[in-house]
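The values are calculated or read from the model by the stated rules, or taken from the named source; none is laboratory data. It should be emphasised that the depicted structure is a prediction, and the values quoted were computed from it without experimental measurement. Virtual Cβ from ideal backbone geometry, glycine too; neighbours counted across all protein chains shown.
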Amino acid sequence: ETQRLVVDNNVESEKSYTQAVNLLAEGEIVALPTETVYGLGAVATNEAAVKKIYSAKGRPSDNPLIVHIGTKEELSEYVDTISEKAVKCMDAFWPGPLTMIFKAKPNVFAKSVTAGLDTVGIRMPSHPVALKLLQALGMPVAAPSANRSGKPSPTEAIHVEQDLAGKIPLILDGGATGVGVESTVLDLTKEIPVILRPGAITKEMLEEVIGPVDQPTHIEQEQGAPKAPGMKYTHYAPNAPVYLIERNKQIVQEAIQYLQTKDYKVALIAPAFFKELSPDWFFSIGNTQDEMASHLFHALRACDSTDAQIVLATATSTEGVGAAIMNRLEKSAGGKWYTPNNK
Ligand code: TXA
Ligand code: MG
């Protein structure tokens, strides 16, 4: 049985934290909110505990996990060198949605955390529940997103329940997460740092602090430029196929009408101002880039509670957090774009 405990300022939550800390310390796995998405945590030095994450998620074992820490000071216990650029990034963006890849000290983390690499991804989250839990526990916590592998990442406790009920003992429910897309993953082991996964800490923000940063596009990554190990797997996919489509009302309306005459039931994921169109289901993701990031995974998940046979999702600019939005959308669509002749 999976327990879900609400932890916020309106409820007496000390007991819930104690329960979560005890479970983790005993080698169990616990779902917790971060400012990006919900994570599924285990003590990062406990191999048996970390293995439970992979089996609960159905995650391939060659895809390494991110280690979460509760203080900046402890970083030097886990990695040998902290470059000047890393220090600048920590000062500017921690706690927050930035994961940095470091050369790991040998034999600190459980083998499954790094999936056999000599590097490790580390971040200090800013969500008050995650921070409080990490600081109370006093140990690093490995945590991937708390979804079944392949599904959109969870931005609400209910999403974790949908995917992992019965497979984990506890979900700390801190409400909706906020940022809505996973942390930026920055590889600082390269001469020019490389963004392996775009997120809310954008290329523009990083460059202001550390100078030039590479951000290969999704397509460049597919073609063999630097890769985050998990990149090759299907991600963020609802049951129905997703197609990207130009963010143009007339083009979208024509697509909907055409598909409906072919007897397809159509779900549309688009900004709020598309609401007067007539898909079978409409999932608004708000209007600003920040709102879109925050609502995207909820919308992708919501498609699975419909009978939609096809999902159209409008594209957005790749400026700022738009790069993260398009990265997730391209993955959920498997790179497919709607054109009037392909369906
Ligand atoms: O926002 C987040 O980062 C969330 C929350 C829970 O903190 N976590 C998360 O974890 O998204 P996960 O496991 O779903 O994604 C980890 C990403 C993967 O793309 C993985 O390949 C990459 O980080 N990664 C982890 N360790 C790495 C390493 N040593 N080198 C390169 N990429 C690494
Ligand atoms: Mg994930």
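A few notes on this one:
- Top-ranked residue of the stretch 178-189 - restricted to ones that are surrounded by fewer than 24 Cβ atoms within 10 Å (Cβ to Cβ) and more than 11 Å from the chain's Cα centre (by Cα), ranked as farthest from Tyr38 (Cα to Cα): Thr189
- Any hit, the stretch 110-128, residues being within 16 Å of ligand 2 (Cβ to nearest atom), modelled with pLDDT of 95 or more, under 30 Å from Ser305 (Cα atoms) and not hydrophobic (A, V, I, L, M, F, W, C): no
- In the stretch 151-196, the residue that is farthest from ligand 1 (Cβ to nearest atom) out of those that are basic (Lys, Arg) and more than 29 Å from Glu207 (Cα to Cα) is Lys167.
- Hey, Leu131 aliphatic (A, V, I, L, M) and assigned to a strand (DSSP E or B) or not: no
- For the stretch 106-150, a residue qualifies if it is surrounded by fewer than 19 Cβ atoms within 10 Å (Cβ to Cβ) and within 12 Å of ligand 1 (Cβ to nearest atom), and the qualifying residues are Ala115, Gly116, Leu117, Asp118, Thr119, Ser126, Arg148, Ser149, Gly150.
- Those residues of the stretch 234-274 which are closer than 17 Å to Ala293 by Cβ, surrounded by 21 or more Cβ atoms within 10 Å (Cβ to Cβ) and modelled with pLDDT under 95, in sequence order: Tyr236
- Checking Leu300 against (1) more than 22 Å from Gln260 (Cα to Cα); (2) in contact with a Ser or Thr (Cβ under 8 Å, 6 or more places away or on another chain); (3) part of a helix (DSSP H, G or I), the condition it does not meet: (1)
- Among residues of the stretch 327-338 that are closer than 14 Å to Glu246 by Cα, those with a beta-carbon under 9 Å from a residue that is loosely packed, with under 14 Cβ neighbours inside 10 Å and modelled with pLDDT under 95 at least six positions away or on a different chain give the pairs Glu330/Ile219; Gly335/Ile219; Lys336/Asn342.
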